[in-house]
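Coordinate-derived values only; no laboratory data. Nothing here was measured: the structure is a model prediction, and the numbers come from that model. Please note: Cβ atoms are built from the backbone with ideal geometry, for glycine as well, and neighbour counts cover all protein chains shown.
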Amino acid sequence: AFSGALLVPKGFSRLLDQIEGIAPVVFDYAGRCDWPMAWTALRSRFERRPNFGQWLRWEAALAEIGSYYAVPGAFRAKAFAELASGID
């Protein structure tokens, strides 16, 4: 909860790094560590302010993702199919 990710196509990613117009309120909620390392121009405009809560949430999410994929794919598919039929 309270974490998110945005998948950005590579070509658009280069454009976002060079973006000029950022709503001022974004600077209140985001820090340099919230942006991809490759976006050096955009990152340089934000304060160097670590977000330890966000980091810990991502560590937990990555552990959960690992656990999810440790379950065999056939079992996951069956569980989703049963869930879908139960929801209907």
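Annotations
- Helix 73-87 axis, angle to the chain major axis (alpha carbon atoms, nearest 10°): 80
- The local environment of residue 43, defined by Cβ-Cβ distances under 11 Å, has a net charge of 0 under the rule Lys, Arg +1 and Asp, Glu -1.
- Here the sum of -39500 (n - 2.57) over DSSP H runs of 4 or more residues, divided by the residues of the chain, equals -16500 deg cm²/dmol at 222 nm, to the nearest 500.
- Loop trypsin sites (Lys or Arg not before Pro), the chain, which have at most 15 other Cβ atoms in a 10 Å radius of their Cβ (DSSP): 45, 48
- Sum of side-chain charges, residue 33 neighbourhood, beta-carbon under 9 Å (Lys, Arg +1; Asp, Glu -1): +3
- Binning the C-alpha pair distances of the chain at 10 Å intervals from 0 yields a P(r) profile of 13, 31, 27, 16, 12 %, listed from the shortest bin outward.
- Computed on the chain, with alpha-carbon pairs under 8 angstrom and 6+ residues apart, the relative contact order is 23 percent.
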